[in-house]
Amino acid sequence: MACLFALMLNETPHIEWPKEGPTRAPYRVMNDPEIYRLEMKRIFRGPTWHYLCLEAEIPEPQDFKTTFIGENPIIVARDADGTIHGMVNRCAHKGALLCIEPCGKKKEFACVYHAWTYNLKGDLTSVAFQRGLGGKGGMPPDFDVKNHGLEKIRVENFCGMIFGTFSDKVEDVETYLGPDQAAHVRRIFNRPVEVLGYYHQGLPNNWKLYMENSRDPYHATILHAFYATFKLNRLSMTGGVSLGKGGWHNLLYSAAERDTQKDNYEGKNLRSVIRDVGLDDSTFLDRMQEFDDGITVAIQSIYPTCNTQQIYNTLAIRQTVPQGVNRAELHWTCFGYKDDDEEVRRMRVMQANLIGPAGYVSMEDGSVGGYVQRGIAGANEDEAAVMEMGGKDIKPSPGVRATETALRGFWQAYRDLMGF
Ligand code: FES
Ligand SMILES: [Fe+2]
């Protein structure tokens with residue numbers, strides 16, 4: 001009996017994936033707490049790279065920023081010699097959050113609880129009352145600070161985006177991205193950037209539902225009334241989907257000035273196309289064409305939880321932070337270029353009204369994941385989402401955005417990592 005109990009404890013949750021493969025995603029992966037625990041291990045501590053911050057946020061020695069990989073709190077710090085280090089933000093004494101500020105400048109990190117102190121590499125440098133008082137108490141003689149530093153992670157700077165990983169096996173970031181996705185990161189980070197501001201947004205759903213949403217060009221002009229009504233993004237515009245690492249990553253792109261089939265939205269009875277409405281103040285739709293390729297909307301997904309975003313002149317990184325099986329937080333970092341003049345900076349800030357928790361375009365994404373989470377509650381074990389738009393395979397889709405190829409790529413990556 002004891003043996004059986006031990007076996008049950010060791011049992012990893014397993015899923016019989018539907019025979020249709022990545023065109024299906026069992027609803028159970030969105031609401032099973034055991035699967036969520038396994039994701040923390042196999043995906044977030046697995047062979048994956050995670051966006052941590054922009055180099056522009058920690059430009060000087062002793063600058064730091066706090067962030068997350070999965071649920072793990074992380075510190076990114078620039079050492080006195082300029083080297084960037086990543087470490088888990090968890091005191092090696094009792095596990096307290098070591099650095100409670102979001103960003104700033106520090107020579108060292110001292111825990112508020114019992115003052116264990118660490119340098120910017122994450123090494124433990126001192127323990128309060130290590131020798132006790134008056135020769136009494138204190139740590140045993142064999143206690144060595146060298147054995148009690150913070151858990152360190154690998155970090156890499158790719159074009160000013162700082163990535164981190166727990167894995168010593170995953171390839172470098174550029175290889176991980178693949179040539180097309182690396183080229184897009186270079187396109188966005190073509191010169192020094194400056195941070196314009198942040199939004200944090202609660203999501204009432206599993207982290208994967210947001211990552212699906214941001215890979216889904218099918219929904220964008222149907223769910224988002226603002227996009228279609230004001231013709232900022234329509235499926236009839238020239239655009240497509242490129243992939244990286246066999247579909248792990250992707251880029252959805254479109255060019256507004258190249259709307260070849262303008263009439264395609266007529267007569268479709270789409271909720272998103274609202275007639276006879278205008279804006280009293282349309283200044284936030286002022287825009288400029290700043291990329292030579294004509295692309296006006298480009299949303300990139302870097303597996304598992306990072307998006308780069310260009311919606312006209314609004315540039316941002318989105319990072320999805322899991323907070324339990326049916327909760328997540330979306331962290332937006334809006335940026336522009338250091339050489340922007342006042343007018344361009346103002347234009348980017350005004351256009352940022354399109355995005356974020358109350359953004360004219362993206363507010364619907366903040367609730368639709370919750371509708372799915374509520375809809376799949378109580379589903380049978382064998383019920384699954386269906387993703388056959390644009391075919392059943394995972395391949396780039398130049399010229400066509402009525403496709404779910406990038407979602408199939410997401411599920412393929414998920415199965416690769418989870419072993420399902
Ligand atoms: S928990 Fe940090 S010093 Fe005790
Ligand atoms: Fe959306």
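The table below gives the values:
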| read-out | value |
| --- | --- |
| Per-region count, segment 120-153, residues away from ligand 1 (no atom under 15 Å from the Cβ) and closer than 21 Å to VAL76 by Cβ | 4 |
| Output for segment 200-234, where each listed residue is within 16 Å of ligand 2 (Cβ to nearest atom), open to solvent by 40 Å² or more (accessible area, probe 1.4 Å) and modelled with pLDDT of 95 or more | PRO204 |
| Subset of segment 203-217 [of a type in the set (D, E, K, R) and over 16 Å from GLY390 (Cα atoms)] | LYS208 |
| Number of positions in segment 399-418 that are open to solvent by 40 Å² or more (accessible area, probe 1.4 Å) and at pLDDT 95 or above | 3 |
| Hey, ALA110 of a type in the set (A, V, I, L, M), under 20 Å from ARG45 (Cα atoms), away from ligand 2 (no atom under 16 Å from the Cβ) and out of contact with any Lys or Arg (no Cβ under 9 Å at 6 or more places or on another chain) or not | no |
| In segment 155-193, the residues that are over 17 Å from TRP248 (Cβ atoms), touching a strand residue (DSSP E or B) at 6+ places or on another chain (Cβ under 6 Å) and open to solvent by 80 Å² or more (accessible area, probe 1.4 Å) | ARG191 |
| Residue match in segment 365-375 (condition: touching a helix residue (DSSP H, G or I) at 6+ places or on another chain (Cβ under 9 Å) and either open to solvent by 50 Å² or more (accessible area, probe 1.4 Å) or free of Cβ contacts under 8 Å to residues at least 40 places away in the same chain (or both)) | yes |
| Count of residues meeting criterion [farther than 20 Å from THR320 by Cα and of a type in the set (Ser, Thr, Tyr)] in segment 45-97 | 1 |
| Enumeration of residues in segment 82-97 that are within 12 Å of GLU151 (Cα to Cα), open to solvent by less than 30 Å² (accessible area, probe 1.4 Å) and within 9 Å of ligand 1 (Cβ to nearest atom) | CYS91 |
| Within segment 325-359, tally of residues that are acidic (Asp, Glu) and surrounded by 16 or more Cβ atoms within 10 Å (Cβ to Cβ) | 2 |
| Pairs, first within 15 Å of GLY246 (Cα to Cα) in segment 172-186, second β-branched (Val, Ile, Thr) and part of a helix (DSSP H, G or I), C-beta under 7 Å, six or more apart | LEU177/VAL185 |
| Restricting segment 115-139 to residues that are open to solvent by 70 Å² or more (accessible area, probe 1.4 Å) and over 30 Å from TRP49 (Cβ atoms), the residue that is nearest to ligand 2 (Cβ to nearest atom) | PHE129 |
| Residue match in segment 185-207 (condition: among the acidic types (Asp, Glu), more than 16 Å from THR67 (Cα to Cα) and assigned by TED's automatic domain parsing to the domain that holds HIS331) | yes |
| Strands (runs of 3 or more DSSP E) fully within segment 306-420 counting 2 or more residues that are aliphatic (A, V, I, L, M) | 314-322, 328-337, 384-386 |
| Some residue of segment 90-100 being in contact (Cβ under 8 Å) with a residue 60 or more places away in the chain and more than 16 Å from ligand 2 (Cβ to nearest atom) | yes |
| The lone exception for PHE68 - which of (1) among the hydrophobic types (A, V, I, L, M, F, W, C); (2) assigned to a loop (DSSP other than H, G, I, E, B); (3) open to solvent by 30 Å² or more (accessible area, probe 1.4 Å) it fails | (2) |
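The values are calculated or read from the model by the stated rules, or taken from the named source; none is laboratory data. The model shown is predicted, which means the values in this text are computed figures rather than measured ones. All Cβ positions, even for glycine, are placed from backbone atoms using ideal geometry, and neighbour counts span all protein chains on display. Just so you know, the surface numbers come from the protein's heavy atoms only, side chains and all, with ligands and any DNA or RNA stripped out. Shrake-Rupley method; radii C 1.70, N 1.55, O 1.52, S 1.80 Å.
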